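Everything on this sheet refers to the single structure shown next.
The values are calculated or read from the model by the stated rules, or taken from the named source; none is laboratory data. Since the model is a prediction, treat every value here as computed from it, not as a measurement. Reconstructed Cβ throughout: ideal geometry from the backbone, glycine too, with neighbour counts over all protein chains shown.
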Amino acid sequence: MAFSKIQVVGNLGRDPELRYTPNGRPVTEFSVAVNQSTKNQQTGEWVEATDWFRVSVWGDRAERAAENLRKGTRVLVDGRFRTREYETKDGRKGISLEITADTVMSLDKREAGEAGTFAGAPTGATAPSGGRGPGFDDTEIDELPF
């Protein structure tokens, strides 16, 4: 059995785009930028690098993500990861880093009175106090409570 799990914290690079499959299942897609600073050992200068991830969210969570997230929102994305090769218009090869999200949580505070709630969590949920949620099984994707 193969297993590929990833968690990233970054900022949305664009507003989420909600679409529906031909059978009516919602899917929201957006990109997340993850910035990393590393020190150049030769010059001693800090160098900023950005990795971009394409994120897909399915089902009820897709609709909530589209309603609550906007470009620039800081999020935690937890999901399954894969790479995909593609060819650009000018013939160069590239690699796309793709996440199918099991969980998307906004890390930005909400309006006064709602601080600590997350866009990807059910109404009334508060910031986690630690620990991880239940395991994920592909066969139960439509039955997850978030």
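Observations, loosely collected:
- Within segment 83-105, the set of residues being in a loop (DSSP other than H, G, I, E, B) and either of a type outside the set (G, A, S) or at pLDDT 95 or above (or both) comprises T88, K89, D90, R92.
- Filter result for K71 (among the basic types (K, R), touching a Gly at 6+ places or on another chain (Cβ under 8 Å) and surrounded by fewer than 18 Cβ atoms within 10 Å (Cβ to Cβ)): yes
- Residues being more than 12 Å from the chain's Cα centre (by Cα) and either within 24 Å of R25 (Cβ to Cβ) or modelled with pLDDT under 90 (or both) - total across segment 71-82: 1
- Evaluated against (1) out of contact with any Leu (no Cβ under 8 Å at 6 or more places or on another chain); (2) closer than 24 Å to L107 by Cα; (3) in a loop (DSSP other than H, G, I, E, B); (4) not basic (K, R), G72 falls short on exactly one condition, (1).
- Within segment 56-70, being of a type in the set (S, T, N, Q) and more than 9 Å from T28 (Cβ to Cβ) holds for one residue alone: N68.
- Entry remark, segment 14-44: residues being in contact with a strand residue (DSSP E or B) (Cβ under 7 Å, 6 or more places away or on another chain), of a type outside the set (V, I, T) and more than 20 Å from E98 (Cα to Cα) number 3 in total.
- Filter result for E67 (more than 21 Å from L107 (Cβ to Cβ), acidic (D, E) and out of contact with any Cys (no Cβ under 8 Å at 6 or more places or on another chain)): no
- E67 of a type outside the set (G, A, S) and at pLDDT 90 or above: yes
- All positions within segment 31-69 that are in contact (Cβ under 8 Å) with a residue 60 or more places away in the chain and among the small types (G, A, S): G59
- Subset tally (residues that are in a strand (DSSP E or B) and over 14 Å from the mean Cα position of the chain (by Cα)) for segment 48-69: 3
- The residue of segment 13-60 that is nearest to F81 (Cα to Cα), among those that are of a type in the set (F, W, Y) and loosely packed, with under 12 Cβ neighbours inside 10 Å, is Y20.
- Selection within segment 11-40 - among the small types (G, A, S) and touching an Asp or Glu at 6+ places or on another chain (Cβ under 8 Å): A33, S37
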